[in-house]
1. Can you find, within region C:113-130, the residue that is farthest from B:Ser415 (Cα to Cα) among those that are surrounded by 14 or more Cβ atoms within 10 Å (Cβ to Cβ) and either more than 7 Å from every other protein chain (Cβ to nearest Cβ) or small (Gly, Ala, Ser) (or both)?
2. If I filter region B:218-226 for residues that are closer than 22 Å to B:Gly371 by Cβ, within 14 Å of another protein chain (Cβ to nearest Cβ) and either without any contact (Cβ under 8 Å) to a residue 12 or more places away in the chain or not basic (Lys, Arg) (or both), do I get at least one hit?
3. Restricting to region B:451-467, name every residue that is more than 7 Å from chain C (Cβ to nearest Cβ) and aliphatic (A, V, I, L, M).
4. Right, C:Ile84: without any contact (Cβ under 8 Å) to a residue 40 or more places away in the chain and facing chain B (nearest Cβ under 8 Å) or not?
5. Out of A:Ala41, A:Ala45, I need the residue that is touching a Lys or Arg at 6+ places or on another chain (Cβ under 7 Å) and at pLDDT below 95. Which one?
6. Could you list, in sequence order, the residues of region C:45-61 that are modelled with pLDDT of 75 or more, surrounded by 13 or more Cβ atoms within 10 Å (Cβ to Cβ) and under 33 Å from the mean Cα position of the chain (by Cα)?
7. Contact list please: Cβ distance under 8 Å, first residue in region B:425-450 and within 7 Å of chain C (Cβ to nearest Cβ) and over 15 Å from C:Leu31 (Cα atoms), second residue surrounded by fewer than 16 Cβ atoms within 10 Å (Cβ to Cβ) and among the small types (Gly, Ala, Ser), pairs at least six apart or on different chains.
8. For region C:20-29, give me each residue that is surrounded by 13 or more Cβ atoms within 10 Å (Cβ to Cβ) and either among the aliphatic types (A, V, I, L, M) or under 11 Å from B:Arg447 (Cα atoms) (or both).
Amino acid sequence: MIFWEIFSYAAWALAALLLGWMLLDLIKVSKDYSEEFLLSAREGADELLQQDHAQGGKK
Amino acid sequence: MTAQDTTAQGGGGGERLYLLKVLGPVHVWALGVGIVLVGEYMGWNFSVGKGGALGSLIACWIIGLLYTCVAMIDSEVTSTVAAAGGQYAQAKHIIGPLMAFNVGLYLVMAYTMLEAADALVVGDLLVQVAAETGYAALDPKPFVVLTIAILAWLNYRGVFMTLTVNFVITAIAFIAIILLFLGLNPWNPSESLFHKQLLTDLPYGWIGVVAALQFGMWYYLGIEGTCQAAEEVRSAGRSIPLGTMSGMMTLLIAASLTWFLASGLLPWEYLGQSGVPLYDTSRMTDSNGLQVLLFIGTLFAAVASANGCINDAARAWFSMGRDRYMPIWFGAVHPKYRTPFRSIVFLIPIAVSFAFTGLLDQVITFSILSGLLGYTFMSFNVVKFRNKWPLGTIKRGYVHPFHPIPAILLLTLCSATYFATFLGYGTSLISIMIFYIVASVWFAMHRYRFVYRGDQFTMPWPRPIGH
Amino acid sequence: MQKRYQPPRQSGLGQFLDCVFLLAIVYASLLAPIVLDFGGGVNKHQVDMVQGEQVTWEALGQNEVMQAQWQKLGYDAEGAAEIITSRFDYSIDPLALVITAAVIIGYFVFILKVSAKEYRDVIRENFDTD
């Protein structure tokens, strides 16, 4: 059946499109922003931590 | 969401990127149940093959107890260590770097391999539809790749939409099981279900029940993935225990119904090797509506599971990158979508390659065993947690009751499940253990050089007792 | 007061090679059971339930309801026989069991020991230095 063949090719094409978009965006982002900024996320950062801080938890 | 509330000022004065904090308890539920529910549509029934229908039911209850311990322990530790990476961040703070590296690997392996298996299911379902409409030669590959590509793209573009979609499709898959139950006149079971005639004695005796524990894990495997959302949930201390516990209840209901329906309509020998047991159950009802519904349910459950797996595996990989356990490159956050975008993209070809190895049995065993290793870790993790920071020394979001009984119970049940895996899958078990041993030696000798020591400890807690 | 540990910078190539190494051992462990024994890691065998050439539902121990369900699934006695007579082998090789147990326990002991050692450094650096 021709329908399933077209469907298969469409699936390949759409998958390639999505993967290509992600790859391009990934490269673009790495170019547009400094690596330091992209890697600036720190662990935790939750209001739970701030509450603990207020209680004088650390050190 | 505007740009203002998505960036936070870092302590050092410069602007910092954070994962987006937008999720509620509903998303936590969708993440946990979404990953697991596919296990009711397929996989759990291999426990019937290993121990018979009644053996599977006993295994379902025993493993239910194991996961209740897991959910209790996890809720306490995660509501306190609220960080992406979940159990990985817990291990880092409570046990130490090498354990954390291993836990991170368990998570990435368990979820990426499960994702591959889920995508294969989607491909197989389409092959089945094609065959029924008269096209026998459909190649599932493009659809497997497309499933992974669409879900990865969704994940790449933002966690809120990803898990909102997951909530909708998971809810539909769950409702499908309920409707199948209602469609079979449960108020008059002897008319439409044949438990009396189909249930046999234990075919392998009690050792079969023990052996069934291995696949009994499918009823709940992955519910602990809720912790991965910790950094993206609003008020994690409340939402994660709530989402996890309600997810566990959903699964206990779904598991009981699934067993009840399938064992009442299918001979156990067939059930024990069926690829799509719930769909097969619906085929026995003579109702086209129920068949279509369960087909959609199977499809949605597989997609929801793959989606949650991409989310969780990427969070774990990202966290390991951020701490340099893995290359730092993976520790990046997308400046616009606030997702661990590099980890998401990196894991796509890996999931696809797992799906195309043709080693589905191996891949699934690897996935289950990685989960099991993680539960074993949780049992001594919580004991150390209570010893190093006794109740009252730090603020906990939730305190689980009866400590240390859940921990001891969990360790005992894990040991029984290792034994169950040994029965029938001994070679796989050893080869997977060797993988983790080699990886550990590699980490201790080589990889740990690149890790900042003190920076790994990020919680604002007092010094642990005994250090 | 002790000095903080300063890790070396890893080159792009080093980062890439580390990923390749990890993936290589994942695939090796997936393939190992296939290469080492041909059972694919699963012990299953067929039991003799049927004597002679005629496969009947009675010989397979199936009652009428079971028979009806099998037929509804699209199986005749012959087709069902293959599924019904396939059984796991749960005979336990004590040596293999002892080795497996030793590997798992040894693994966890090793991990906990090394982790504890590394953890002491982490705590010392985090709480004792500025």
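The values are calculated or read from the model by the stated rules, or taken from the named source; none is laboratory data. Note that the structure is a prediction, hence the values are computed from the model and not measured. For neighbour counting, all protein chains shown are included, and Cβ atoms are generated from backbone atoms with ideal geometry for every residue, glycine included.
1. Step by step, filter region C:113-130, then rank; the result is C:Arg124.
2. no
3. B:Met459, B:Ile465
4. Spelling it out, C:Ile84 is indeed without any contact (Cβ under 8 Å) to a residue 40 or more places away in the chain and facing chain B (nearest Cβ under 8 Å).
5. The match here is A:Ala41.
6. C:Leu60
7. Here the result reads none, with nothing in region B:425-450 linked to a residue that is surrounded by fewer than 16 Cβ atoms within 10 Å (Cβ to Cβ) and among the small types (Gly, Ala, Ser).
8. The answer is C:Leu22, C:Leu23, C:Ile25, C:Val26, C:Ala28.
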